[in-house]
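Where a number appears in this text, it was derived from the coordinates with a stated rule and is not lab data. Computed from a predicted model, the values in this text were never measured in an experiment. Heads up, the Cβs are rebuilt from the backbone with ideal geometry, glycines too, and the neighbour counts pull from every protein chain shown.
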Amino acid sequence: MNTQFIKDNVVVGVYTNKEKYLTRFVKNFNTLYPDVELIYNVYDANINSNMEILRRDFAKTNKRYWLFLDDDILFCDKNTIGVALESLIENECALTTTYQITDLKLAQKINPSNLQFRNILWSAGYFMLVDSEKIGTVEFDRSLPTSYGSLADIEYCMKIHSLGHKIGISPTYIYHEDTGFSGKIGRFDIEKADMREVNKSVHQFFKHLDKSLFYNQREMKIVFNQDGSIHKDQTIGHHYLKHKYPNLYQKFFNDKNLNHLKEVVKKQPILAQATMPSYIDN
């Protein structure tokens, strides 16, 4: 991809609520892409709100292609944006992402020629390159009922698919520290757990949950942390998405969306079906 075309047509942005990665990210970006416009602001807001602020800032530029980035990523070479942009255009996608790797040493050993473009259902928010002529007016959902606005990236992709657009993953990659807000999620073996404690935990969860978050449904999938506690944000967030996109939800979360370049795949959280107690109707 011609570097002048990238300079003239791409704007890159990060909105974050912390300054932890500011110096590292800006140094890495400016070293590899010194002529590409960068918007970087620290703003005390949730993820979904910051993403929407960034989308509106992008709209004020005259650039067609908008690149949303997490602040804890690093580019491994100067070809990444160009490869992602070529994939976006050639495959007529509305959004493309890249593969990610969370091992910085391993990142130096990956051969990009072994990677392939493919269509995917959703992209995590660490790298989302969008064609604003297709989806520039698509907003991030500020009503997500999660503490930090998490799942904003998945909701955004669900909205894109509902409009009939395609999402792809490009044959390139970035390093992503990927600490996130869900570090405790892991494999919880519910079959070996004390079911009295599990039922007590589920009962208390439903008892104290805002009734408006039930969306008049009788069942909810509970996401457990590795220690057996309930991951409130993931549970509520997924229930919200299932309610908002009933025809897309099952399709999305049956897709493994494997975008990690590493030998060991992260273990996924247990999803347990729970019937809500009768008092929620009172």
Sorted by chain and then number, the residues having a modelled amide H within less than 5 Å of the amide H of ILE230, at least 5 places away or on another chain, are ASN225
The set of residues whose placed amide H lies less than 5 Å from the amide H of ILE39, leaving out same-chain residues fewer than 5 positions away, is VAL12, GLY13, VAL14
The answer for trypsin sites (Lys or Arg not before Pro) in segment 38-75 that fall in a DSSP coil and have at most 11 neighbouring Cβ atoms within 10 Å is LYS60
Going residue by residue through segment 67-75, the Karplus relation 6.51 cos²θ - 1.76 cosθ + 1.60 with θ = phi - 60° gives ³J(HN,Hα) values, rounded to whole Hz and with x marking Gly or Pro, of 10, 8, 10, 6, 7, 9, 9, 9, 7
At q = 0.12, 0.16, 0.23 Å⁻¹, the log10 of I(q)/I(0) for segment 10-73 from a Debye sum over equal Cα scatterers comes to -0.27, -0.49, -0.98
Calc'd 3J(HN,Hα), segment 224-233, phi into Karplus 6.51 cos²θ - 1.76 cosθ + 1.60 (θ = phi - 60°), Hz, glycine/Pro = x, comes to 9, 6, 4, 7, x, 6, 8, 7, 4, 4
Under the Karplus relation with 6.51, -1.76 and 1.60 and θ = phi - 60°, whole-Hz ³J(HN,Hα) for segment 207-216, x at Gly and Pro, equal 4, 9, 7, 4, 4, 5, 7, 7, 6, 6
Those chymotrypsin sites (Phe, Trp or Tyr not before Pro) from segment 1-67 that are DSSP loop and have at most 14 other Cβ neighbours within 10 Å turn out to be TYR43
The long-range amide H neighbours of THR172, using H built 1.01 Å from N in the peptide plane and a cut-off of under 5 Å, are TYR99
Sorted largest first, the C-alpha extents of segment 1-110 along its principal axes in whole angstrom are 36, 36, 24
Of the listed links LYS134/LYS242; LYS18/LYS166; LYS60/LYS242, those spanning more than 30 angstrom between alpha carbons are LYS18/LYS166; LYS60/LYS242
